Each structure stands twice: as C-alpha cells, then as structure tokens.
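Read the figures in this text as sums done on the coordinates, not as results from a lab. Nothing here was measured: the structure is a model prediction, and the numbers come from that model. Glycine gets a Cβ as well: all are built from the backbone with ideal geometry, and neighbour counts include every protein chain shown.
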Amino acid sequence: MSALSCAQAMQQFFAYLDRALAGEALEDLETHLDACLACCEKLAFSRRLDGFVKAKLPDSPLPADLEGRIRDALARVEP
Amino acid sequence: MNTPDAVPLAAPTEPGGRAHDNRPRFEALALPHLTHLYKLAVRLTGAAPDAEDLVHETYMKGLAAFPGLREPERIRPWMSRILARLVLDRYRSGPREVAVGDLAELDRFSLYDLVWDEDPLPYSDDLHHDFLAQFPDDEVRRALLALPETYRVPLLLLYVEDLSYRELAETLGCPMGTIMSRLHRGRKILERELWACAKRRGLVRSDDR
Amino acid sequence: MPYFTEAQARSIIRETYESAKGEDRCVAQALYTLQELSGLPEGAVMLAFGVGNPVRHAGLSPGDVVLDVGCGAGIDTLLAASRVGPNGRALGLDMTPRMLELAAHHAASAGFANVDVHEGLMEALPFADASVDVVVSNGVLNLSTRKSRALAEMHRVLRPGGRVCLADLVLSENLPEEIVKNPTALVA
C-alpha cells in the first residue's frame with residue numbers, strides 16, 4: 001500500500017474508469033479518492049468527458065450501394 | 001457460445017479451403033455487421049470515401065483470412081480487428097494530426113483544472129458541464145480526428161467496441177502497459193484539443209496557458 | 001482544484017471568524033498609519049484581519065457610495081465612511097453574523113451615521129446592479145471558491161465608470177498538496 005499524490009492518482013483515472021485496475025493499484029487509488037474531493041471531482045469529469053465524446057460520435061447511414069459493391073467484389077475473387 | 005446461423009455451419013473450413021467455397025458462409029456471417037463496421041470506419045477516418053474503401057478492403061481481407069477464424073460467433077470483433085489494423089497500417093501520421101509533443105507534460109494536462117482556474121462561466125453552478133455543452137458536435141469530432149491514429153484507434157475501439165485492455169492488446173498486438181498509456185494519452189490529447197478549440201472560439205481567454 | 005466544497009469552505013471560514021479574538025494591534029499597525037487609526041474604536045483595530053490598505057488607494061470622494069466586501073469588524077468600512085462623508089454611504093458586507101454585529105456597533109460608537117451593514121455572500125451580493133461607486137476588499141477574495149463569480153458580482157453592482165480596489169494574497173507558484181488540503185491554511 002502506498003499513498004498516492006494527486007498527480008499520481010490522475011495517471012490512473014482512465015484505467016480505473018475502464019475497469020482495468022486491480023489489486024494494490026486499485027486499493028491505493030480508492031484510498032486516495034476516499035480522502036480527496038478534488039480528485040473525485042476530476043475523476044467524475046473524466047467519466048463525463050468520455051460519455052460526452054461517445055455521445056457525439058457520428059452515426060453514419062450505410063451508403064445504399066456499398067453492400068452490393070462488396071458482394072460483387074467478393075464474388076470476383078479467384079477460386 | 002454457438003448460435004444457430006441462417007446458413008448451417010459445417011466444421012471450420014479446412015486450411016487452404018478455397019475462397020469461393022467459403023464465400024457464402026463468410027457473407028452470411030460477416031455482412032450483417034456491415035453497418036456497424038462502416039460506422040466504425042467513419043469514426044476512425046472521419047471521411048465517408050475513406051471509410052468505404054476501408055470497409056471494402058476489410059471484407060476482402062476477411063474472406064481471405066476466413067479459414068483461420070476459429071470462433072465464428074466472434075466474427076464482429078475479428079472483422080473490427082482487421083479494420084483497425086488497416087487503419088494503423090494505412091493512415092500513418094495524416095497531415096491534420098497534431099504533434100504529440102512532450103509526453104510527460106501531456107500526461108499531466110488537465111482540462112478539469114484549466115476550466116476550474118479560468119472559470120469562464122462565473123454564474124454557472126455546473127461549470128464543467130456547461131463548459132462542455134458549448135462545443136458543437138463537429139468540433140468534438142474534429143478534436144477526436146486530430147489524434148494520431150496510434151492513439152485514436154485504441155480509444156475508438158474502447159468507445160465503440162467496448163473492448164477490455166486485454167482484448168485491445170491482442171487486437172493491436174502490443175503489451176497492456178502500452179494500451180494503458182495510449183488510452184490515457186489519447187484522452188489527454190483530446191482534452192488539449194478541446195481547450196485549444198475553446199480558445200479559438202473565444203470561450204476562454206487565449207493568452208497562453 | 002476544489003479541495004473543499006463551497007459549503008465546507010464557508011463553514012470553516014465562518015467558524016473561524018465567529019470565534020476570532022483580537023489579540024493585539026499588530027496587523028492594524030502594519031497596514032494603517034497612526035493617523036488613519038486614530039479615532040477608530042479599539043475593537044475595530046484589534047479585529048483587523050486584512051492584508052493591505054485598499055481604502056487609501058481607492059480614490060474615494062465625498063458623496064461616494066462605497067462597498068466593503070468582507071468587512072469583518074469594520075475597520076476599512078469606517079475608514080471609507082470618513083472619506084465619503086455624510087452625503088456618501090459606506091456599505092459593509094460580510095457572511096459572519098458576529099462580525100456584522102461588531103461592525104455595526106463600531107460604526108455607532110464612532111459616530112458614523114453613513115454606515116450600513118449587510119449579511120450576504122461575496123458571490124451573491126445583495127445589492128442592485130450599478131448601485132455602487134467604489135468596491136473595496138481587503139484579504140477576502142482569496143477565501144472564495146468561485147473568485148470569478150465574486151469579481152463578476154463586483155462588476156455587476158458597480159455603476160459604469162466605477163472602481164474596484166482590492167488587496168489580497170497572490171500565489172506565484174502552486175502550493176504543496178498538504179497545504180491546499182489543510183483547513184487552517186484555507187483561512188489563515
């Protein structure tokens with residue numbers, strides 16, 4: 001168990017949000033977060049920013065002829 | 001998990017099985033994911049024509065590699081991996097990508113702190129939320145596309161495919177530690193781009209921070 | 001970074017000033033001249049907790065309406081009151097009831113009829129737009145968790161062409177983590 005500084009904690013935020021932190025690393029970060037309002041707020045913002053960016057990803061409709069072109073190309077593949 | 005398919009699956013195709021034998025099975029399995037793969041391709045490249053080419057090539061490669069697919073039910077992540085690798089191979093350092101700069105400084109970048117310190121919306125009671133709400137969709141997309149593909153590809157796979165770090169490491173052929181640092185830095189570059197955008201649009205003062 | 005919530009910070013500050021004792025005249029003597037201090041009630045002098053002397057530099061004229069943000073026990077409010085004269089007004093704002101009572105008491109005992117005290121927050125000044133000629137503040141802004149809002153409020157209540165004269169602490173570099181997380185350091 002080691003006490004993290006705020007700067008060290010911040011390096012772990014995304015791994016934490018992505019559920020990739022485990023064991024001692026996870027414990028150390030949670031201990032820091034329990035005692036640090038600023039890092040909790042910052043972590044919450046990181047989570048929010050992920051959601052914000054994801055929500056803005058473009059939703060592009062499939063070009064009408066793409067499937068046809070792909071089928072044709074697959075059909076032309078030499079046996 | 002084996003789900004029944006419209007075209008009955010025989011045993012996995014034999015190595016060296018001929019493309020035209022595999023084609024109907026491949027099409028039946030892979031084409032239902034075309035919309036999804038196309039969306040992923042657009043998100044990765046930002047351009048419809050590039051995305052179409054990419055998806056096209058992904059299917060060609062998919063057919064050729066199909067004999068090697070051991071778990072047909074996992075064809076979608078398998079195809080996504082082909083697509084991702086194509087992006088990495090093809091789109092090395094595009095002209096609109098930003099230079100990453102000093103990595104230690106990048107790691108420390110905090111959009112949260114900058115917004116807190118600047119406080120561009122003094123009467124807001126949800127400052128960070130209201131700050132983000134000012135960005136139009138196309139600026140956010142532009143910021144994402146400004147990431148070098150080394151960072152953009154894993155981040156988008158995380159966002160869109162919801163892959164774990166282990167799956168990302170396998171997909172991209174690099175260690176988990178590398179995945180972790182790329183996902184951290186990708187988000188930091190994104191934060192930096194959003195801050196630069198805020199300065200350009202006059203949402204915050206533009207004297208140098 | 002918000003090491004304390006707004007509520008926590010205010011609570012710590014209020015508690016501190018509710019029980020603050022004026023130990024001596026050292027702060028006052030460091031910041032104000034003998035002439036400025038003469039004629040002021042002892043209580044106001046002993047409970048001076050500022051960091052500068054904004055009234056001296058505020059260019060107050062007789063007839064001005066001046067607002068002292070974070071007036072405490074009133075030393076700067078009284079100094080302002082004497083400069084703006086009977087046709088002017090000196091408004092003292094503070095969020096600590098005990099301090100406001102003391103400020104009102106000090107104004108009365110010094111014979112100032114042009115002083116009004118108001119309870120409120122610097123982030124939500126209880127005054128109309130463009131109602132004040134000058135804003136002064138002495139070592140108070142640093143206590144706000146939303147400094148920009150406090151400044152925006154000062155701007156709002158000032159009439160066009162009005163002036164702000166602040167004295168405060170400024171950081172030339174970031175403080176170490178253990179200090180910014182320390183409640184005592186927040187107030188002191």
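Can you pull the mean other chain C-beta count within 10 Å for peptide A:13-26?
That average works out to 3.
Only loop residues by DSSP count here, and only those with at most 12 other Cβ atoms within 10 Å; note down the trypsin sites (Lys or Arg not before Pro) in the range B:73-132 that meet that. Write out the running numbers ahead of the final one.
Values: sites: B:Arg74, B:Arg81, B:Arg85, B:Arg90, B:Arg92, B:Arg96, B:Arg108; in loops: B:Arg92, B:Arg96.
Those that pass, being in a loop and sparsely packed, are B:Arg92, B:Arg96.
Can you tell which of B:Trp116, B:Pro154, B:Phe131 lies farthest toward the positive end of the dipole of the range B:116-163, using +1 and -1 charges on the Cβ of basic and acidic side chains (Lys, Arg; Asp, Glu)?
Positive-most Cα among the choices belongs to B:Pro154.
Rounded, prolate or oblate: which fits the range C:5-75, taking a ≥ b ≥ c as square roots of the Cα gyration tensor eigenvalues, rounded meaning a/c under 1.5, else prolate when a/b beats b/c?
Judged from the Cα gyration tensor, the range C:5-75 comes out oblate (a/c at least 1.5, b/c at or above a/b).
Hey, what did the range A:1-55 get for relative contact order, percent, Cα under 8 Å, at least 6 apart? Mind dumping the intermediate values first?
Working: 28 pairs, mean separation 23.6, N = 55.
Averaging sequence separation for qualifying contacts and normalising by length gives 43 percent for the range A:1-55.
What ranking do C:Ser19, C:Ser137 get, fewest neighbouring Cβ atoms within 10 angstrom at the top?
Numbers: C:Ser19 8, C:Ser137 25.
Ranked by crowding around the Cβ, least crowded first: C:Ser19, C:Ser137.
For B:Ser124 and A:Ala75, what is the calculated FRET efficiency with R₀ set at 51 Å and r taken between the beta-carbons, to the nearest 0.05? All intermediate terms of the calculation are to be shown ahead of the outcome.
Working: r = 58 Å, r/R0 = 1.14.
The pair B:Ser124/A:Ala75 has a calculated efficiency of 0.30.
Ignoring solvent entirely, what values of log10 I(q)/I(0) come out of the Debye formula for the range C:90-188 at 0.15 Å⁻¹ when each Cα is a single scatterer?
-0.72
Under the rule that an exposed site lies in a DSSP loop and has at most 16 other Cβ atoms within 10 Å, name the longest stretch of chain C with no GluC sites (Glu not before Pro) of that kind, not counting the sites themselves. Let's see the in-between values first.
Details: sites that count: C:Glu23, C:Glu173.
That gives C:24-172 as the longest site-free run.
Assuming R0 = 22 Å, what is the FRET efficiency of A:Gln8 and B:Arg201, from their Cβ-Cβ distance, to the nearest 0.05?
Values: r = 33 Å, r/R0 = 1.51.
Once rounded, the FRET efficiency stands at 0.10.
Using only Cα atoms, tell me the angle between helix A:23-35 and the longest principal axis of chain A; keep it within 0 to 90° and round to the nearest 10.
Once rounded, the angle reads 60 degrees.
With an 8 Å cut-off on Cα pairs and a minimum separation of 6 or more residues, tell me the relative contact order of chain C in percent.
Working: 361 pairs, mean separation 42.3, N = 188.
Relative contact order, chain C: 22 percent.
According to the square roots a ≥ b ≥ c of the eigenvalues of the Cα gyration tensor, what is the shape class of the range B:55-144, taking rounded for a/c under 1.5, prolate for a/b larger than b/c otherwise, and oblate for the remainder?
Values: a/c = 3.11, a/b = 2.36, b/c = 1.32.
In terms of gyration-tensor shape, prolate.
Going through the range B:117-191, which GluC sites (Glu not before Pro) have at most 10 other Cβ atoms within 10 Å and a DSSP loop state? Let's see the in-between values first.
On the way: sites: B:Glu118, B:Glu139, B:Glu149, B:Glu161, B:Glu167, B:Glu170, B:Glu191; in loops: none.
Passing sites in the range B:117-191 do not exist.
Under the definition of partner shielding as Cβ atoms of other protein chains within 10 Å of a residue Cβ, what is the mean value for peptide A:48-54? Intermediate values should be presented prior to the final figure.
Details: counts 4, 9, 5, 2, 6, 12, 4.
The mean count of partner-chain Cβ atoms within 10 Å per residue comes to 6.
Taking R0 as 56 Å, what's the FRET efficiency between B:Glu170 and C:Arg25 from their Cβ-Cβ distance, rounded to 0.05? Could you put the intermediate results ahead of the total?
Values: r = 73 Å, r/R0 = 1.31.
Computed FRET efficiency for B:Glu170 and C:Arg25: 0.15.
Normalising by the residue count of chain B, find the relative contact order in percent from Cα pairs under 8 Å and 6+ residues apart. Intermediate results must be reported in sequence, preceding the final value.
Numbers: 176 pairs, mean separation 42.1, N = 209.
Relative contact order comes out at 20 percent.
Average partner chain C-beta neighbours within 10 Å, per residue of B:121-133? Provide the component values of the computation, followed by the final result.
Values: counts 3, 10, 8, 3, 3, 0, 5, 6, 3, 0, 1, 6, 1.
Shielding by partners across B:121-133 averages 4.
What does the C-alpha gyration tensor say about the overall shape of the range A:4-55? Classify as rounded when a/c is under 1.5, otherwise prolate if a/b is larger than b/c, or oblate. Can you show the working numbers first?
On the way: a/c = 2.47, a/b = 1.44, b/c = 1.71.
Verdict is oblate for the range A:4-55.
With label points built 7 Å along Cα→Cβ from the Cα atoms of B:Asp102 and C:Ser172, find their separation and express it in nm.
So the label points at B:Asp102 and C:Ser172 sit 2.1 nm apart.
Compute the Kirkwood hydrodynamic radius of chain B, taking the inverse of the mean of 1/r over all pairs of distinct Cα atoms, and give it in Å to one decimal. Walk me through the numbers on the way to the answer.
On the way: mean 1/r = 0.0518 Å⁻¹.
Kirkwood hydrodynamic radius for chain B: 19.3 Å.
Considering amide H positions built from the backbone, and no H for Pro or chain starts, which residues 5 or more places from C:Val135, or on another chain, come under 5 Å of its amide H?
It is C:Leu67, C:Arg163, C:Val164, C:Cys165, by chain and number.
If pairing requires two Cys Cβ atoms under 4.7 Å apart, which cysteines of the protein assembly as shown are left without a partner?
By the Cβ distance rule, which asks for a partner under 4.7 Å, the isolated cysteines are A:Cys6, A:Cys40, B:Cys174, B:Cys197, C:Cys26, C:Cys71, C:Cys165.
Restricting things to alpha carbons, tell me how big the range B:148-198 is in terms of Rg and Dmax, in Å.
Using the Cα atoms of the range B:148-198, the pair Rg, Dmax is 11.3, 36 Å.
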